Structures are given as structure tokens and as C-alpha cells.
Amino acid sequence: MTVQAGRLDHVLEIQRATTTVSDAGQPVDAWATIASVRAERLRASFDERSKDWGDSSQATVTWRIRWLDDLRLSDRIVLNGIPHDIKGIEPIGRRKELLVTTLYQK
């Protein structure tokens, strides 16, 4: 199966954690955008629960993107300003595409 351009209807920013040094000499952690990719949303599941400490909700989404070298589980995806943690990366074919599973918790 190949990625069909017409199905790539979402724009995702892929960000990686970086550390810089402030003017005061203190390390500052931040996220830097390393790529902007188009993606197809394949599956999404949503879960809302009431816990002792209040309500919580989470969304697990699987995305299909074109091959991207050096994508890591420690990276994150930002969609419409909302960060999603990467929980799984599955290569499909020989460097053709990736299935990326993300988790968003609120």
C-alpha cells in the first residue's frame, strides 16, 4: 500500500526536546520543530473517565505519514497547537511510510 496524497489532510509538526543555555547560564528545556509533515488519520479512540482526582480524557490516534528518517519515541507531534506524545512507530514497506501512534491526555 502506498501513501495517497489526497488522503494526507492533516498537517503535523514533529518536535524534539532541546536544551539551550540562558543568558544567566542556566539550562533551558524547550521543544524545537524538526519537521512539518502531512498525514492521514487512520484510527482514533477516545476515553473519558472520572477518577478520584477528577475527570480525565485521553485520545489515542494512529497516523500514516511518508517516511521520515530519525523519528524517535521521545519526539512529539503537535496538531492545531495541541501536543501528542508518540507511543509507537511502525515502518511500512521499504522506507515508504510510517504508522505513528500518539497519545493526548487532558
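Points worth noting:
- The stretch 11-37, subset among the charged types (D, E, K, R) and at pLDDT below 95, residue surrounded by the fewest Cβ atoms within 10 Å (Cβ to Cβ): ASP23
- Top-ranked residue of the stretch 85-98 - restricted to ones that are in contact (Cβ under 8 Å) with a residue 24 or more places away in the chain and crowded, with 16+ Cβ neighbours inside 10 Å, ranked as nearest to the chain's Cα centre (by Cα): LEU98
The values are calculated or read from the model by the stated rules, or taken from the named source; none is laboratory data. The shown structure was predicted, so the numbers you read here are calculated from the model rather than taken from an experiment. When we count neighbours, we look across all protein chains shown, and the Cβ atoms used for this are built from the backbone with ideal geometry, even at glycine.
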